[in-house]
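Chemist: After the structure tokens below, expect a handful of questions from me.
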Amino acid sequence: MRNKILATLGMCLAATGISLAQFGDYQYIRPVHGVTDQWHSLALPGDIYGKVSLDFNDIRIIEINEGDTLEVPYLVKKPKPRYEEVDFEIINTTRANGGFYYTFEVGTDQTIDEIKLDFGLPGFDFKIVLEGSQDQQEWFTIVEDYRVLSIKNDHTDYQFTTVRFPKARFGYYRLFVPGTKDPGLVGAVIRQSIASEVSYRNYEPTYMEVAQDTKEKQTVITAAFATPVPLSSIVLKVADSVDYYRPVTVQYLKDSFKTEKGWKYNFQLLYRGTLSSLENQEFRFATTVAQQLKVVVNNHDNRPLAPTGLTGKGEVHELIARFATPGDFYLLYGHPNTGKPNYDIKNFEASIPATLKPLSLGDEGLIPHHPGQGRPLFENQWWFWLILIAIIGLLGWFSWKMMKGS
């Protein structure tokens, strides 16, 4: 009986080693909890992004079942467009009551909440009125005294011509631009926002410093996060209540290297635009994994602004996975040279249920690149206890079988 138990124990340990040996080039592993159905969603935690490629090619979900290791097919959930453009026609242009009227025909079945205007003037500052009507007889005010402007000079090239308002549904919209000079409306874009299924996670920096460069007439904000995080925008908080329009750039620290004269830091441009008192101080850019940011505000000859805070925002990326059989599942990531997986489910997205149960992840463990050279298979002690409990259970089951047989 003793020989049988020892042989089984050896097989159990060997199977565990063999199952994970083929994934030796991956650096990290986490248990996946909560698999009960065929389809599940898995939100990637914030601390994982500094360890995976931005395109998520080096992520695998595996199943270890009786010594066999199989990949679980998954796809990365793609965000939907935030806006949809609406067709319209300008049916009337008139001058009356100290200004100019433009009437847009949209259609009664369309809901809109944004109009982007395009004027022919190089510089302007208007306070416009937007109204809505179903029959062009009775008009209802949507917004009034809404400021749109354009500033173009040696230091500034800035336009704010987007009119945002609560969702409205009218067949006709009428824009009033006060003034005696024809604003020369060239065109417009009318859009409706779409309810996004993408959720965002806020990241607060652990370090922030504001410095005034009097020589370059710049305000420089440096911020750092505890770990690399996926950023798709930042929100800058400014205490000033006066009107301002300042050129701004957002950069992230791509890499650094040491020289004889000290450390050199290579910052990469993320965003270039205008910091304006008319708009929300949120700057959007392509999702980038970053840990340190530098925001530079050009003050020119103006009094420096007073930034009071900065918040990073990033999309929460989800994996949609299809599970075939019950088993023990793990998330692997951190492979330096692997390619994108090729799974069938990418061609059958229409078959994915609309509602999916979310999964959770356990603690992170490390997978050695060179097994058997003095580094434990898992550095997280929970793995040790889980394997130990499994072995004890297996030993107990064999003992009971042997005693029952005798």
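The values are calculated or read from the model by the stated rules, or taken from the named source; none is laboratory data. Here the structure is a predicted model, which means the values were calculated and not measured. So basically every Cβ, Gly included, is an ideal-geometry build from the backbone, and we count neighbours across all protein chains shown.
Chemist: Could you pull out every one of the strands (runs of 3 or more DSSP E) wholly within the range 79-145 that has 1 or more residues that are touching a Lys or Arg at 6+ places or on another chain (Cβ under 7 Å) and buried (at least 17 other Cβ atoms within 10 Å of the Cβ)?
Modeler: On the way: elements: 83-86, 89-96, 99-105, 112-119, 124-133.
Counting at least 1 such residues, we get 83-86, 99-105, 112-119, 124-133.
Chemist: Looking at ALA321, ALA286, can you tell me which residue is closer than 20 Å to SER53 by Cβ, out of contact with any Cys (no Cβ under 8 Å at 6 or more places or on another chain) and exposed (fewer than 14 other Cβ atoms within 10 Å of the Cβ)? Please lay out each step first, then the result.
Modeler: Values: ALA321 fails: exposed (fewer than 14 other Cβ atoms within 10 Å of the Cβ).
Going through ALA321, ALA286 in turn, just one is closer than 20 Å to SER53 by Cβ, out of contact with any Cys (no Cβ under 8 Å at 6 or more places or on another chain) and exposed (fewer than 14 other Cβ atoms within 10 Å of the Cβ): ALA286.
Chemist: Further question: Would you confirm whether any residue within the range 153-174 is at pLDDT 90 or above, of a type in the set (A, V, I, L, M) and in the same structural domain as ARG95 (by TED's automatic domain parsing)?
Modeler: Within the range 153-174 (the criterion being at pLDDT 90 or above, of a type in the set (A, V, I, L, M) and in the same structural domain as ARG95 (by TED's automatic domain parsing)), the answer is yes, since at least one residue qualifies.
Chemist: Here's a check for you: in the range 247-261, which residue that is over 17 Å from THR288 (Cβ atoms) and of a type in the set (D, E, K, R) is surrounded by the fewest Cβ atoms within 10 Å (Cβ to Cβ)?
Modeler: Only one residue fits best here, namely GLU260.
Chemist: For the range 174-208, how many residues meet the condition of being loosely packed, with under 14 Cβ neighbours inside 10 Å and in contact with an Asp or Glu (Cβ under 7 Å, 6 or more places away or on another chain)?
Modeler: Number of matching residues: 4.
Chemist: Right, GLU71: in a strand (DSSP E or B) and assigned by TED's automatic domain parsing to the domain that holds GLN27 or not?
Modeler: Working: in a strand (DSSP E or B): yes; assigned by TED's automatic domain parsing to the domain that holds GLN27: yes.
Criteria met by GLU71.
Chemist: From the set of residues in the range 225-276 that are touching a residue at least 40 places away in the same chain (Cβ under 8 Å) and among the basic types (Lys, Arg), which is nearest to ALA306 (Cα to Cα)?
Modeler: LYS237
Chemist: Same structure, new question: Out of everything in the range 161-173 that is touching a residue at least 60 places away in the same chain (Cβ under 8 Å) and buried (at least 17 other Cβ atoms within 10 Å of the Cβ), what residue ends up being farthest from ASP118 (Cα to Cα)?
Modeler: Of the range 161-173, the ones touching a residue at least 60 places away in the same chain (Cβ under 8 Å) are 169-173.
Now narrow it down to the ones that are buried (at least 17 other Cβ atoms within 10 Å of the Cβ): 170, 172-173.
On the way: PHE170: 22, TYR172: 19, TYR173: 16 Å.
Taking the candidates together, the pick is PHE170.
Chemist: Scan the strands (runs of 3 or more DSSP E) fully inside the range 174-222 and keep the ones with 3 or more residues being in contact (Cβ under 8 Å) with a residue 40 or more places away in the chain and out of contact with any Phe, Trp or Tyr (no Cβ under 8 Å at 6 or more places or on another chain).
Modeler: On the way: elements: 185-193, 200-203, 207-213.
Counting at least 3 such residues, we get 200-203, 207-213.
Chemist: Can I ask one more? Can you find, within the range 147-170, the residue that is nearest to THR222 (Cα to Cα) among those that are in contact with a strand residue (DSSP E or B) (Cβ under 7 Å, 6 or more places away or on another chain) and not in a strand (DSSP E or B)?
Modeler: If we filter the range 147-170 for residues that are in contact with a strand residue (DSSP E or B) (Cβ under 7 Å, 6 or more places away or on another chain), which is where we start, we get 147-151, 156, 158-168, 170.
With the extra rule that they be not in a strand (DSSP E or B), the set shrinks to 156, 161, 170.
On the way: THR156: 24, THR161: 31, PHE170: 46 Å.
The residue in question is THR156.
Chemist: Further, regarding this structure: Only one of VAL148, VAL129, VAL106, VAL186 is among the β-branched types (Val, Ile, Thr) and modelled with pLDDT of 95 or more; which? Don't jump to the end; show me each part of the working.
Modeler: Numbers: VAL148 fails: modelled with pLDDT of 95 or more; VAL106 fails: modelled with pLDDT of 95 or more; VAL186 fails: modelled with pLDDT of 95 or more.
Being among the β-branched types (Val, Ile, Thr) and modelled with pLDDT of 95 or more holds for just one of VAL148, VAL129, VAL106, VAL186, which is VAL129.
Chemist: Further question: I need the full set of residues from the range 213-227 which are farther than 13 Å from LYS294 by Cα and either among the polar types (S, T, N, Q) or modelled with pLDDT under 90 (or both), in order please.
Modeler: THR214, THR227
Chemist: Report, by residue number, each residue of the range 45-56 that is surrounded by 20 or more Cβ atoms within 10 Å (Cβ to Cβ) and either under 13 Å from the mean Cα position of the chain (by Cα) or outside the structural domain of PRO358 (by TED's automatic domain parsing) (or both).
Modeler: Of the range 45-56, the ones surrounded by 20 or more Cβ atoms within 10 Å (Cβ to Cβ) are 48-49, 52.
Residue satisfying the conditions is TYR49 alone.
Chemist: A further question on this structure: If LEU331 meets every condition in (1) buried (at least 19 other Cβ atoms within 10 Å of the Cβ); (2) under 24 Å from ARG201 (Cβ atoms); (3) not assigned by TED's automatic domain parsing to the domain that holds ILE59 apart from one, which number is that one?
Modeler: (3)
Chemist: When you go through ALA321, ALA354 one by one, which is the residue that is outside any strand (DSSP E or B) and not basic (Lys, Arg)? So that I can check it myself, show each step before the final result.
Modeler: Working: ALA321 fails: outside any strand (DSSP E or B).
After ruling out the rest, the residue left standing is ALA354.
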